[in-house]
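The values are calculated or read from the model by the stated rules, or taken from the named source; none is laboratory data. Just so we're clear, the structure is a prediction, and the values are computed from it rather than from any experiment. When we count neighbours, we look across all protein chains shown, and the Cβ atoms used for this are built from the backbone with ideal geometry, even at glycine. We work out accessible area using only protein heavy atoms, side chains counted, and drop any ligands, DNA or RNA first. Shrake-Rupley method; radii C 1.70, N 1.55, O 1.52, S 1.80 Å.
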Amino acid sequence: MNQPKIAVIGSINMDLVTRAKRFPKMGETLMGVDFHHYMGGKGANQAVAAARLGADVRMIGAVGDDEFGYEMLANLSRSGVSTECVKTLAGVQSGMANIIVADGDNAIVVVGGANLGLQAEDIWAFEAQIAEVDVVLAQLEIPLSCIMAAAEIAQKHGKPFILNPAPAQKLPQELLEKVTLLTPNAYELAISLDLPLDLSIEEQIAQAPCPILMTVGSQGAVYNDEEGYLHRVPSFRVMQVDSTGAGDTFNAAFAVFWKTKGMAAAVRKACAAAALSVTKSGAQGGMPFAGELEEFLAQQPE
Ligand code: RIB
């Protein structure tokens, strides 16, 4: 399995990004620095990042029949992602995200649009395409019924199902039982499992009904093994320009390298890919290609 096959089931958004010197206060009107539109959506971001790292990726999702929809489909194809399983919904707006970037950080409001028009039957219609892949990767910007369908199909065909529970929402036990690996940050894990927000990482992970790979921002990642031991993988120091899409790059890189390199090496590569992703503007702007990732890692101490 040199070139892993990955199905990414999720959202496709146009990111409308305003850069400002700081975040506005409630009720304040602030002059921004500049405005750009970039390709985004957690699903599309993960698909593009995985393709750049050498995976054979098929995207399962939906766009509207508007200009953004066609632009986003073209971007996926240009990035080497198969769009055969992306539906174009007539008379519906494509998904979009209003993003403010200040001090390298971001605040995002997503309007689901066509992403929310996707239905469980649509996912079942692509069962054959999902059954062919090595890894199924999903997030939570499409209806939960679609995620449930994806998890069921993955389980039926014995495929690992990675769920990145973002944006955070409480998850049904029935879904968690089908997850091979959940990849939240600390906040998302607490919301997913309906836990208090003030628990330590150890306490949170101990209560999870499925294996966890948790991102801890600039500190890297933490995961538990079959014996319940926690492993911490540090991140890499870079100059942060825009953190949008860092989590998506992490998930994609992990999915690409997990089966061939093993857990520890895949998490290290995922941390490195995520670090590189924040060095340029736009969710997909800094996502590394395979060669760039290897070059970066070669310069780092083990
Ligand atoms: O994870 C980053 C993404 O979240 C952005 O691209 C935006 O579209 C939102 O979905």
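Observations on the model:
- The chain: relative contact order in percent, alpha carbon pairs under 8 Å with at least 6 residues between: 18
- Considering only the chain, percent of DSSP beta bridges that pair antiparallel, nearest 5: 40
- The residue 35 and residue 240 beta-carbon pair, evaluated with R₀ = 25 Å, returns a calculated FRET efficiency of approximately 0.80.
- Basic side chains Lys and Arg get +1 at the Cβ, acidic Asp and Glu get -1 at the Cβ, and with that the dipole of the stretch 200-267 about its Cα centre reaches some 300 debye.
- Computed with a 1.4 Å probe on the full set of protein chains, the accessible area for residue 88 sits at about 60 Å².
- Rounded accessible area of residue 108 (nearest 10 Å², 1.4 Å probe): 80
- Karplus-based coupling profile of the stretch 84-95, in residue order and whole Hz: 4, 9, 9, 8, 9, 8, 5, x, 10, 6, 5, x, with θ = phi - 60° in 6.51 cos²θ - 1.76 cosθ + 1.60 and x standing for Gly or Pro.
- Remark: accessible surface ordering of 289, 257, 68, 161 (largest first) is 289, 68, 257, 161, probe radius 1.4 Å.
- Rounded to the nearest Hz, the phi-derived 3J(HN,Hα) couplings of the stretch 76-81 under the Karplus curve 6.51 cos²θ - 1.76 cosθ + 1.60 (θ = phi - 60°) are 4, 4, 4, 7, x, 8, where x marks glycine and proline.
- Heavy-atom accessible area order for 258, 124, largest first, 1.4 Å probe: 124, 258
- The stretch 1-83 - accessible surface per residue (Å², probe 1.4 Å): 45
- Euclidean distance of C-alpha centroids, the stretch 31-96 and the stretch 246-302, integer Å: 20
- Exceedance of the 30 Å cut-off in Cα-Cα distance is limited, within the set 87/178; 21/269; 42/269; 178/269, to 21/269.
- Judged by the gyration tensor of its Cα atoms, with axes a ≥ b ≥ c, the stretch 26-100 is oblate; a/c meets the 1.5 cut and b/c is at least as large as a/b.
- Nearest-10 value in Å² for the accessible area of residue 276, using the 1.4 Å probe: 30
- Estimated purely from DSSP H runs of n ≥ 4, each contributing -39500 (n - 2.57), the mean residue ellipticity at 222 nm for the chain is -10000 deg cm²/dmol once divided by its residues.
- Shape category assigned to the chain from the gyration tensor of Cα positions, a/c cut at 1.5: rounded
- Solvent-accessible area, 1.4 Å probe, carbon plus sulfur percent, for the stretch 184-302: 52
- Relative contact order (%) - the stretch 167-302, alpha-carbon pairs under 8 angstrom, separation at least six: 17
- Protection proxy ranking, highest mean first, for peptides 57-65, 17-25: 57-65, 17-25, where packing is the per-residue count of other beta-carbon atoms within 10 Å, averaged.
- Residue-count net charge about residue 3 - beta-carbon cut-off 15 Å; Lys, Arg +1, Asp, Glu -1: +2
- At a probe radius of 1.4 angstrom, the accessible area of the stretch 176-221 per residue rounds to 45 square angstrom.
- Our summary gives the stretch 213-289 a relative contact order of 30 percent, counting only alpha carbon pairs under 8 angstrom and 6 or more residues apart.
- Residue order by solvent-accessible surface for 156, 259, 269 is 156, 259, 269, largest first, with ligands and nucleic acids left out and a 1.4 Å probe.
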